[in-house]
Amino acid sequence: DYELVLSRNHTGGVTLSNSEEHIERQYYHFKDRYEKLKANLIVKIKLLDDNRIKVMQQQLILFHNAIANYFLSIQKQFNYEK
């Protein structure tokens, strides 16, 4: 783990070379970028889940209305035949 190596170097009083400082800056840059992307992904997944629930509710309402109309038409059909 890179953070463990950094903590060992900083506690030992060893100064970092230019390339090591560059690597450290890159590490923290990509770590921050990863955390931002992860947070954005969590928000997107939550929004997709909320949308899925809304769509499912709407589909259930449409299905209920279709079944109700079907049985209503059957009931009317039997009432006319009597």
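Read-outs throughout are calculated quantities, based only on the coordinates presented, and are distinct from any laboratory measurement. Computed from a predicted model, the values in this text were never measured in an experiment. Note that each Cβ is placed from the backbone with ideal geometry, even for glycine, and that neighbours are counted across all protein chains shown.
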Checklist outcome for this item: Counting Lys and Arg as +1 and Asp and Glu as -1 over every other residue whose Cβ sits under 15 Å from the Cβ of Met56, the net charge comes to 0
Checklist entry - Stretch Tyr27-Ala66 to full length: gain in nm at 0.36 nm per residue minus the Cα-Cα span? => result 8.3 nm
Checklist outcome for this item: Total charge of the residues flanking Asn18 in space, meaning their Cβ is under 14 Å from its Cβ, with Lys and Arg +1 and Asp and Glu -1, is -2
Checklist entry - What list of ³J(HN,Hα) values in whole Hz, one per residue of segment 43-56 in order, does the Karplus curve 6.51 cos²θ - 1.76 cosθ + 1.60 (θ = phi - 60°) give from phi, with Gly and Pro shown as x? => result 5, 5, 5, 5, 5, 5, 5, 4, 5, 4, 5, 5, 5, 5
Checklist entry - How large is the dipole of segment 2-81 about the Cα centre if only Lys and Arg carry +1 and Asp and Glu carry -1, each at its Cβ, rounded to the nearest 20 debye? => result 220
